[in-house]
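Chemist: First the structure, then my questions, so here it is.
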Amino acid sequence: MNELFHPISKLKGVGEKRSQAYARLGVATPYDLLYHLPRHYLDYTAPVSVAEAAFGETAVLRLQITSKLPPQYIRSKFTIYKATASDGVSDITIVFYNNNYGFDRLVCGKTYCMSGKISGTLLRKEILSPHVIPADVEDLIRPVYPLTTGLSINRIAMDVQTALKLLQREPFEWMPAHILQEYQLMTLPEALPGIHFPRSMEEALEARRRLAFEELLQLQLGMAMYKRKSRTETALRLSADTDMQPFFEGLPFTMTDSQKTAVSEICTDMTKDIPMNRLLQGDVGSGKTAVAAAACYFAIRSGMQCALMAPTEILAVQHYQTLSGMLSPLGITVGLLTGSTRAKERRQLIAGTASGAVQLLVGTHALFQKDVAFECLALVITDEQHRFGVAQRSMLAEKGGCPHKLVMSATPIPRTLALIIYGDLDISVLKELPKGRKQIETYAVTGKLRERSYHFIREQLRQGRQGYIVCPMIEESESELQAAAAYAESVQKDAFADYRVGLLHGKMAAREKEKVMQAFQQQELDLLVCTTVIEVGIDVPNATIMLIENADRFGLSQLHQLRGRVGRGQHQSYCILMTDHVTEESKHRLQIMSRTADGFRIAEEDLKMRGPGDFFGQRQHGLPPLRIADLTKDMRLLNETQTLTRRLLEEDPDLMKPEHRPLRLEVLRLFARSGENGMN
């Protein structure tokens, strides 16, 4: 078994050069290679006739070669090779582009199975660049692997076969026998060959079920053990007698029932002996900051300090302004520390925080720098926490020993996904919008209605309102996407010449961004042309109109986040989704946005369409990526493994029984791959 865990370069036939290609796929050992699974299969077991093969679709055909035609030399270095073939009833032309090797292998009179896209005409169909295998071979189901430069499908398949021989030589199984039996799972030496080189698609599905089951089980065991470990630490226990009435009376609005419930849950958690680990999840504009302010008030009135960390300077400044407005009149000192804080002010802030004079410190990553120390840090709040890695959150939390932790997210996440991503947290959900908020009217249009859309925006601006135009890029490129800088200049000269247009993008210096946002908030700008730098948290109640260019380029959840920058005041607000890239998928996505403002429903649709692996784009929440399981399809497995996780840890909290130790090692190995969230 040890050879499976040697460097992949030691596997027979691989070597150093190919091992570098494997490294790009995340494959470091032969064992990793066995988990580099096919993304799909070429199934030659059920060929169709030429007549049945549909144009534009990929089809599997069983064909006898009848003739090979002379090569066609189209231009330098481009040659088309053709052969004619028959299924016994109808003829078809086989076409290869610049592939003399594939063409030369075809022998007239011999029968092959082929998989390729069907083209041509009704009189003469063509099969383009097909995958070809002899019809008389036994293995008619072939794996198709994710690739990188330097590796072909055939090469990976050969190396997988070599790795499987190592497994066959020393078979092992880390899943306890009673689990295999109870859930009727394949053993590992059955499942790995079964998923790479299945004899039937039924075998491939059973093998995948075993591997998805183990992945979900490992993940949930790891998160449950991590959560239990944090629950054994001693927290700063706060007083349950703290009078919250002055805070509630000082608010210029009445909290929703969801907000009140969340405040109660958070305050109750902070009176316990174990540190709070709670997620505050709410849709755009649901009032998470007010709940965070209540939590800070509760902790500070108990004589403690709080810290709030935001992912961007713009958002940190906004939190500082909002929290100061709520807490400063109550005698609470709030400080702001970011990368742009001037040296003298920074020294004063750090000294005030260390002495306890600064009771709430708001900031960006600057908060967890070494010279930032707290006198008594009781509560750490992280906003948009999926943008921070687990290690970053831990660095801030460690400044207080074992502080209570509250993480906030305005990215609505389906509960099933939340249970995986935030498995170490309890969850509070804000389900209502503050009273008086109106639904944002959303329209999906093509570029043909651009002038009409501009006219509608001007109507809003004439009424004294403000607006955003969002573009996906900030620089000119060969792409047809609008570049924000050029766009802003263009509309200032033409469509919005009578209005004050500002520009905001991610490559601007922090102080410059702050200056632009301040001008927009103070109504010194009418229209803000921007990139997704405004996606999270920007709060300008007077902004009522948003135009999102190239809306098809954004995920549903991101579109929902962007849309949430309007509709934050008492006025009716609007969002226009514009695209010229009209496909069935983009139409479906934009229709969803037009029909519902429910972020959780949108998130469910986004999860279905994009899958969990890409739900957050570049994932940074520190969890091991799911390589096999699919949370949109494997709900039954998820429920089974949740139940099993609870049972196993009740019987054996540290998985130290002899039959569970191999399982513990696999859990540790899985979390080691995440780079941050390992458990000691």
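Chemist: Counting each DSSP H run of 4 or more residues in the chain as -39500 (n - 2.57), what helix-only mean residue ellipticity at 222 nm follows after dividing by all residues, to the nearest 500 deg cm²/dmol?
Modeler: About -11500 deg cm²/dmol.
Chemist: Here are a few candidate values for Rg and Dmax of the Cα atoms in Å: (1) 25.7, 98; (2) 29.7, 92; (3) 25.7, 80. Which one was actually calculated from the structure I just gave you?
Modeler: Among (1) 25.7, 98; (2) 29.7, 92; (3) 25.7, 80, the one derived from this structure is (2).
Chemist: Next question. Note the angle between two axes, namely the Cα long axis of helix 153-169 and the longest principal axis of the Cα atoms of the chain, as a number of degrees from 0 to 90, rounded to the nearest 10.
Modeler: Between the helix axis and the principal axis of the chain, the angle is about 90 degrees.
Chemist: Using only the Cα atoms of the stretch 441-596, build the gyration tensor, take square roots of its eigenvalues as a ≥ b ≥ c, and label the shape rounded, prolate or oblate: rounded if a/c is under 1.5, else prolate if a/b is larger than b/c, else oblate.
Modeler: Rounded is the answer for the stretch 441-596, as its axis ratio a/c remains below 1.5.
Chemist: Give the angle, between 0 and 90 degrees and rounded to the nearest 10, that separates the Cα long axis of helix 584-595 from the longest principal axis of the Cα atoms of the chain.
Modeler: 20
Chemist: Considering only DSSP states other than H, G, I, E and B, which chymotrypsin sites (Phe, Trp or Tyr not before Pro) in the stretch 259-337 qualify as loop sites with at most 14 other Cβ atoms within 10 Å?
Modeler: In loop regions of the stretch 259-337 (DSSP not H, G, I, E or B), there are no sparsely surrounded chymotrypsin sites (Phe, Trp or Tyr not before Pro).
Chemist: If the reach is capped at under 21 angstrom between alpha carbons, list the lysines near Lys405, excluding any in the same chain fewer than eight residues apart.
Modeler: Excluding near neighbours in sequence, the set is Lys227, Lys229, Lys260, Lys272, Lys288, Lys370.
Chemist: Would you list which lysines come within 16 Å of Lys448, measuring only between C-alpha atoms, while excluding same-chain residues fewer than 8 positions from it?
Modeler: Result set, ordered by chain and number: Lys587.
Chemist: Return the aspartates and glutamates within reach of Lys12: Cα separation strictly under 19 angstrom, same-chain partners fewer than 8 residues apart disregarded; answer none if there are no such residues.
Modeler: Glu3, Asp32, Asp159, Glu170
Chemist: Once you have the alpha carbon radius of gyration of the stretch 64-103, what is it after dividing by 2.2 N^0.38 Å, with N set to its residue count?
Modeler: 1.25
Chemist: Using Cα centres only, tell me the gap between the stretch 82-130 and the stretch 297-312 in whole Å.
Modeler: Rounded to whole Å, the Cα centres lie 69 Å apart.
Chemist: Report the GluC sites (Glu not before Pro) located in the stretch 186-284 that are in a DSSP loop and have at most 16 other Cβ atoms inside 10 Å of their Cβ, or state none.
Modeler: Listed in order of number, the matching sites are Glu233.
Chemist: Per residue, what volume in Å³ does the convex hull of the Cα atoms of the stretch 25-153 enclose?
Modeler: Expressed per residue, the convex hull around the Cα atoms of the stretch 25-153 is 135 Å³.
Chemist: Then there is this: Could you tell me how many degrees, from 0 to 90 and to the nearest 10, lie between the Cα long axis of helix 313-327 and the main elongation axis, the longest principal axis, of the Cα atoms of the chain?
Modeler: 40
Chemist: Could I ask something else about it? For the stretch 187-272, run through the chymotrypsin sites (Phe, Trp or Tyr not before Pro) and keep only the ones in DSSP coil with at most 15 other Cβ atoms within 10 Å of their Cβ.
Modeler: Passing sites in the stretch 187-272 are Phe253.
Chemist: Using the 10 angstrom Cβ neighbour count as an exposure proxy, how do Asp634, Asp136 rank, fewest first?
Modeler: Result, fewest neighbours first: Asp136, Asp634.
Laboratory data are not the source of any read-out in this text; all were calculated from the coordinates shown. On a predicted model such as this, the values are computed, not experimentally measured, just so you know. Counting neighbours? That spans all protein chains shown, and the Cβs are built from the backbone with ideal geometry, glycine included.
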